[in-house]
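Participant: What follows is a structure written as C-alpha cells; I'll ask about it next.
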Amino acid sequence: MKEVDLLANEIANEFASGSDIISRANFNSRIIQINTNAAIKSQTASKSSEQAKTLSSATWTGASAPFSYVLSVTGVTTTSNQEFLPSTAITQIELEALQGANIVDGGQTTGSITLKAWGDKPTVDIPIRVILRGDA
C-alpha cells in the first residue's frame, strides 16, 4: 500500500504548500490511481504446488523422434503454467536418459500435458517433479 500512501501524501502536500484549492480533475485522477493500485495489489498469485510423477519407458509412443508421452496431471488446464524437473531422488542412469531424450513441451489439455522427446526414446523410467505454477 506504499503507492496509495504516496498518492495520499501528494494530495496533502498540495494543501500544505499553501494551495487551498485542488482541481476536481486532479483530485479525481489521484483517487482513480489509488483505487487502481489497491485493486492490482489485491490480485496476488496462488502458491505453486508440486506433484511427483514417473515417465514410464513403456508409455512413450512413436517409432522415431519426436516420441510422445501424455502425462496425467491433476490441476492442469488449457492455460495453466507448469514446469517439470528431475526428481530429487533421480539416479545417474535416469538423469542420463532424461538428458538424452531432449524432452520439450508438446501441449496441454485439461488434466494432462504432452511431452515430446526429440532425442533418444527413454528405455528406463524417469522420476520427475511437475510444478504447477500459481501465477497463471
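The values are calculated or read from the model by the stated rules, or taken from the named source; none is laboratory data. Model, not experiment: these values are computed from the prediction. Quick reminder, even Gly has a Cβ in these numbers, built from the backbone with ideal geometry, and neighbours come from all protein chains shown. Just so you know, the surface numbers come from the protein's heavy atoms only, side chains and all, with ligands and any DNA or RNA stripped out. Shrake-Rupley method; radii C 1.70, N 1.55, O 1.52, S 1.80 Å.
Participant: Report, by residue number, each residue of segment 88-119 that is charged (D, E, K, R) and not in a helix (DSSP H, G or I).
Facilitator: Listed by number, the residues that qualify are ASP105, LYS116.
Participant: Quick one: count up the residues across segment 99-136 that are touching a Leu at 6+ places or on another chain (Cβ under 8 Å), surrounded by 13 or more Cβ atoms within 10 Å (Cβ to Cβ) and under 20 Å from ALA63 (Cα atoms).
Facilitator: 7
Yes/no per residue for (1) at pLDDT below 75; (2) open to solvent by less than 80 Å² (accessible area, probe 1.4 Å):
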| position | (1), (2) |
| --- | --- |
| LYS2 | yes, no |
| LEU7 | yes, yes |
| LEU55 | no, yes |
| SER68 | no, yes |
| THR88 | no, no |
| GLN92 | no, no |
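Participant: Would you kindly identify the strands (runs of 3 or more DSSP E) lying entirely within segment 44-87 that contain at least 3 residues that are within 16 Å of ASN102 (Cβ to Cβ)?
Facilitator: Of the strands (runs of 3 or more DSSP E) lying wholly inside segment 44-87, those with at least 3 residues that are within 16 Å of ASN102 (Cβ to Cβ) span 67-72, 82-86.
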